[in-house]
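The values are calculated or read from the model by the stated rules, or taken from the named source; none is laboratory data. Fair warning: this is a prediction, and the values are worked out from it, not measured in the lab. Every residue, glycine as well, gets a Cβ built from its backbone with ideal geometry; the counts of neighbours run over all protein chains shown.
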Amino acid sequence: MRGSCRCGTFEAPQLYRFDLPVYVAPNTTAATASQEGVFLFIGVLSAGQNLQRRLAVREAWVTDGQITNVSVVRFVLSKDEWTPQVQQEADSFHDIVFVEEKTSYDSLLYKSYFVLEHAVTAHSARFVLKTDDDAFVNVRPLIRQLRLLCESADCRNERLYIGQMARDAPVQLDPKHKWNNVAFYNHTGLKQYPNYMMGGGYVLSGDVATALVKLHHMISLKFTPIEDATIAVWLMAMDVRQVDHPRFHSWAVPCCFKQPRWSGGQPLSVRLQLTDETEASVCGGDPWLLLHKIDQPFKMTFVGRRFRECEAEAEDPNQVPLSIAADVDGDKVDMAGETASTSSV
């Protein structure tokens, strides 16, 4: 029976079925899908107690990032995280969905799978971004770059897998290690993962997400505790276009602020400042698309304000960002160059 086997130290979660009573906040006023579906669905993994994070994320990027018939954002919580307070929040903001799985570190992969399934079944999304509630997403430039990466006019069947790639990562076998994955080793015999996009934020095109959902319903995908690496394992047999994007910051380390300078045990300055590397790519034609591990809500709202200050800077619609130029169809790059050259005369 699905979800009943024990593999190593990991028990696969109960897998999603269409007859399960997954809750979606009613009377949504946020952007919803048209009959043609949305271009981008963003699933934000969260926890019931993370109200302040969700409020900060809404202020920083979710409200502006929900574009009617283009993009939809939903927070994903486990059903056992439901409380009257969370219900009140859901009724107020209409952007929370609950999934049938008890909360645990192992359930992250289950929630991530749900993001894929909900995106393609409820929203017919052309692209799916899975991220977390401590990540900033620069939605409009992301949409623009996804359009540039499309090989077809309607951006379907794109076979894309985008994020910040982890290469040659070892499988942790120590039972006491946070990222222990004996289940993966027992199943594959491998002590090293395939290259994968780190879990702070990655994008799959809708055709890839749909293929995974169909395969799972046919034969069951293998669930292991390490969510982001497991996604790559699922994709190993697929001819996907991998884009290791330099404007995705998905490391599991705090982002993106300068440390305060101290003297005599006292901070010289408490003013928030982004690191020079981060600040250098806030504005312009090739900005950050995702910044993960922003560890405090007030830092999240600061990042949101900083990026909004860039809106007054006109972005050249004909410019192909350097970070994806090698992955964009050559004709698009040539056309952009010709148009830019002509417009400058």
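Which residue, of Pro194, Pro170, Pro246, is surrounded by fewer than 19 Cβ atoms within 10 Å (Cβ to Cβ), in contact with a strand residue (DSSP E or B) (Cβ under 8 Å, 6 or more places away or on another chain) and modelled with pLDDT of 95 or more?
From the options Pro194, Pro170, Pro246, the qualifying one is Pro170.
Out of (1) small (Gly, Ala, Ser); (2) farther than 18 Å from Val44 by Cα; (3) touching a residue at least 60 places away in the same chain (Cβ under 8 Å), what's the single condition that is false for Ala153? Going through the list (1) small (Gly, Ala, Ser); (2) farther than 18 Å from Val44 by Cα; (3) touching a residue at least 60 places away in the same chain (Cβ under 8 Å), Ala153 breaks only (3). Restricting Val120, Val128, Val137, Val115 to residues that are over 25 Å from Asp239 (Cβ atoms) and among the β-branched types (Val, Ile, Thr) narrows the list to Val137.
Of everything in segment 61-89, what is part of a helix (DSSP H, G or I) and over 26 Å from Val120 (Cα atoms)? Give them in sequence order.
Result: Pro84, Gln85, Gln88.
Of all residues in segment 274-298, those satisfying the criterion of being surrounded by 17 or more Cβ atoms within 10 Å (Cβ to Cβ), in contact (Cβ under 8 Å) with a residue 60 or more places away in the chain and outside any loop (DSSP other than H, G, I, E, B) are Leu290, Leu291, Pro297.
Checked against (1) within 12 Å of Ile96 (Cβ to Cβ); (2) free of Cβ contacts under 8 Å to residues at least 60 places away in the same chain; (3) not hydrophobic (A, V, I, L, M, F, W, C), Gln49 passes all but condition (1).
Within segment 220-260, the set of residues being under 17 Å from the mean Cα position of the chain (by Cα), of a type in the set (A, V, I, L, M, F, W, C) and either over 24 Å from Arg159 (Cβ atoms) or assigned to a loop (DSSP other than H, G, I, E, B) (or both) comprises Ile226, Trp251, Ala252, Val253, Cys255. Looking only at segment 188-234, residues that are without any contact (Cβ under 8 Å) to a residue 40 or more places away in the chain and aromatic (Phe, Trp, Tyr) come to 2 in all. Out of Val213, Val203, Val208, one residue alone is over 26 Å from His249 (Cα atoms) and either part of a helix (DSSP H, G or I) or of a type outside the set (Ser, Thr, Tyr) (or both). It is Val213.
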